[in-house]
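These notes concern the structure reproduced below.
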Amino acid sequence: MSFKLFYEGNTYALEDNKSVLDTLLDQGIDIPHSCKSGVCQSCLVEVVSGTPGQASQTGLKATYKAKNYAMACCLYAQDDLAIRRLSAKESAVTASIVKIEALNHNVLRLCVKLGEPFDVIPGQYLTLITAEGLARSYSIANLPAVDGYIELHIRVLDNGRLSSWLLNQARPWMEVQLRGPAGECFYVADDDGSKDFPMVLAGTSTGLAPLYGIVRDALYQGHQGSIDLFHGALQAEDLYLMDDLQALSQQYEQFSYIPCVLKGIEGDFYTVGDIQQLVTDHIADKKDAHVYLCGAPELVNSLKTKIFLAGIASKHIYHDAFLPSK
């Protein structure tokens, strides 16, 4: 059965197996989107008439559901649909760029300041939306409540639209929109309120961003157990924040920073080896550890399985797989 999609005065045919987002993109209509997987919430629309469907609202705030908002990437025809594109003020808050700087050869630090209260937890992620409607999701890498701004780490990609915009067009005090936050990968005390359990965190590339935020948050909240952070890279030049993390390890005796690379010379400031094997070996005697994994889906999913099989309870494995933009 064929249904109709009504959008901005035009009518389009909705196929059973094609999302509203893909239907619009196929018509050359470029609405904000990123992951196309129902994670980043970049493609929010209001369903004016018709049935949103549970999948299109999974993970949305209760206030968004009450307004009949839905993610266009997960919105499929159950009947005729009429949708409305949301304005920035309806679905996001305005922030100003205060700093853009390089952390290494392919990672940028972006700091933005908000003009209104915005509740976020280090380790969660936000969707950054430019004035042109370009949207990408990034994790919170600092303590916004303490620092007074939100820090994001952005990997520079060949032909990456957002990173290209940051390098060539973005300037301090330009305005962007932020939507969110979302995600369950952040520091929490144990079930009994204690903060003395061991923590093991592992990630590659900009997977360090949420982990850095989580480490700082744990220390800020007075965590007493050991905190071991593994940051993996192909080679030493791909690592970043080494000085900051080494300084943090000197300031807090319970915190250890373990940079590791696949290609390098043993005996330098890093460990040479596969991060998955290093982490798996490390947790052999830490069965009560809380483990945080962030980065590429292949790494996160593989390491999550290995850690679970090594004896870590699934409820103590927190993860955030970085889905590529589509």
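Between LEU126, LEU167, SER96, whose Cα lies farthest towards the positive end of the dipole of the range 92-182 when Lys and Arg beta carbons carry +1 and Asp and Glu beta carbons carry -1, centred on the Cα centre?
Checked the options; the winner is LEU167.
With all distinct Cα pairs included, what does the Kirkwood hydrodynamic radius of the range 14-86 come out to in Å, to one decimal, could you say?
Working: mean 1/r = 0.0837 Å⁻¹.
Taking the inverse mean of 1/r over all distinct Cα pairs, the range 14-86 comes out at 11.9 Å.
Using only helices, what value at 222 nm comes out for the chain when you add -39,500 (n - 2.57) per DSSP H run of length 4 or more and divide by the total residues, to the nearest 500 deg cm²/dmol? Kindly include the intermediate steps, with their values, before the conclusion.
Details: 9 runs with 72 residues, N = 326.
Value at 222 nm, helices only, nearest 500: -6000 deg cm²/dmol.
Compute the whole-percent fraction of alpha carbon pairs in the chain spaced more than 39 Å apart. Walk me through the numbers on the way to the answer.
Details: 9390 of 52975 pairs.
In whole percent, the long-distance tail amounts to 18.
Mind checking which of GLY295, GLY267, GLY53 has the largest fluctuation in a GNM of the chain, springs on alpha carbons under 10 Å?
GLY267
Among the listed pairs LYS36/LYS67; LYS18/LYS65; LYS36/LYS61; LYS113/LYS315; LYS287/LYS315, which are separated by more than 24 Å between their Cα atoms? Spell out each step's value before the answer.
On the way: LYS36/LYS67 21 Å; LYS18/LYS65 22 Å; LYS36/LYS61 19 Å; LYS113/LYS315 34 Å; LYS287/LYS315 12 Å.
Listed pairs above 24 Å: LYS113/LYS315.
How far is it, in nm, from the label point at LYS99 to the one at ASP22 when both lie 7 Å from their Cα along the line to the Cβ?
Distance between label points: 4.3 nm.
Counting just the Cα atoms, what span does the range 179-326 cover along each of its three principal axes? Round to the nearest Å and put the largest first.
For the range 179-326, the Cα spread along each principal axis is 44, 40, 36 Å.
Using a/c under 1.5 as the rounded threshold, could you call the range 270-316 rounded, prolate or oblate? The axes a ≥ b ≥ c are square roots of the C-alpha gyration tensor eigenvalues, and prolate needs a/b larger than b/c, oblate otherwise. Walk me through the intermediate numbers first.
Details: a/c = 1.94, a/b = 1.20, b/c = 1.63.
Oblate.
Calculate one ³J(HN,Hα) per residue across the range 179-189 by plugging θ = phi - 60° into the Karplus curve 6.51 cos²θ - 1.76 cosθ + 1.60, and present them in order as whole Hz with x for glycine and proline.
My calculation for the range 179-189 gives 10, x, x, 8, x, 10, 9, 8, 6, 9, 5 Hz in order.
Determine the principal axes of the Cα atoms in the range 171-215, then give the extent along each, sorted from largest to smallest and rounded to whole angstroms.
44, 23, 16
Could you run the Karplus curve 6.51 cos²θ - 1.76 cosθ + 1.60 with θ = phi - 60° over the range 101-108 and give me ³J(HN,Hα) per residue in whole Hz, x for Gly and Pro?
Running phi through 6.51 cos²θ - 1.76 cosθ + 1.60 with θ = phi - 60° gives 8, 7, 9, 7, 6, 9, 10, 10 Hz.
Compute the long axis of helix 242-251 from its Cα atoms, compare it with the longest principal axis of the Cα atoms of the chain, and write down the angle in degrees, 0 to 90, nearest 10.
60 degrees
Most mobile of SER37, SER205, SER194 per a Gaussian network model of the chain (Cα springs, under 10 Å)?
Sorting by GNM fluctuation, first place goes to SER194.
Applying 1/(1 + (r/R0)^6) with R0 = 51 Å to the Cβ-Cβ distance of ILE265 and LYS67, what FRET efficiency is obtained, to the nearest 0.05? Let's see the in-between values first.
Numbers: r = 57 Å, r/R0 = 1.11.
My answer for the efficiency is 0.35.
For the range 222-258 and the range 58-132, what is the separation of their Cα centres, given in Å?
What the calculation gives is 30 Å, centre to centre.
Please say if the range 92-182 is rounded, prolate or oblate, where rounded means a/c under 1.5 for a ≥ b ≥ c the square roots of the C-alpha gyration tensor eigenvalues, and otherwise the choice is prolate for a/b larger than b/c and oblate otherwise?
On the way: a/c = 1.56, a/b = 1.36, b/c = 1.15.
It comes out prolate by the Cα gyration axes.
Could you work out the relative contact order of the chain, using alpha carbon pairs under 8 angstrom and six or more residues apart, expressed as a whole percent? Mind showing how you got there, number by number?
Values: 681 pairs, mean separation 46.1, N = 326.
Normalised by residue count, the contact order of the chain is 14 percent.
If you add up the charges near ALA182, with Lys and Arg at +1 and Asp and Glu at -1, over every other residue whose beta carbon is less than 15 angstrom from its beta carbon, what do you get? Before the final figure, lay out each step's value.
Numbers: positive: LYS61, LYS65, ARG136, ARG179; negative: ASP119, GLU184, ASP320.
With Lys, Arg at +1 and Asp, Glu at -1, the neighbours total +1.
Which one, PRO144, ILE227, TYR76, is farthest towards the positive end of the dipole of the chain when Lys and Arg carry +1 and Asp and Glu -1 on their Cβ?
TYR76
Among ALA236, PHE308, SER205, whose Cα projects farthest towards the positive end of the dipole of the range 199-321, with charges put on the beta-carbon of Lys, Arg (+1) and Asp, Glu (-1)?
Towards the positive end, the residue furthest out is PHE308.
Nearest 10 degrees, 0 to 90: what angle lies between the long axis of helix 297-309 and the longest principal axis of the chain (Cα atoms)?
Once rounded, the angle reads 50 degrees.
Under a cut-off of 16 Å between alpha-carbon atoms, report the aspartates and glutamates in cross-link reach of LYS99, not counting same-chain residues fewer than 8 places apart.
ASP147, GLU151, GLU175
Values in this text are rule-based calculations from the coordinates and carry no lab data. All values derive from a computational prediction rather than experimental measurement. No Cβ is skipped: glycine too gets one built from the backbone with ideal geometry, and neighbour counts run over all protein chains shown.
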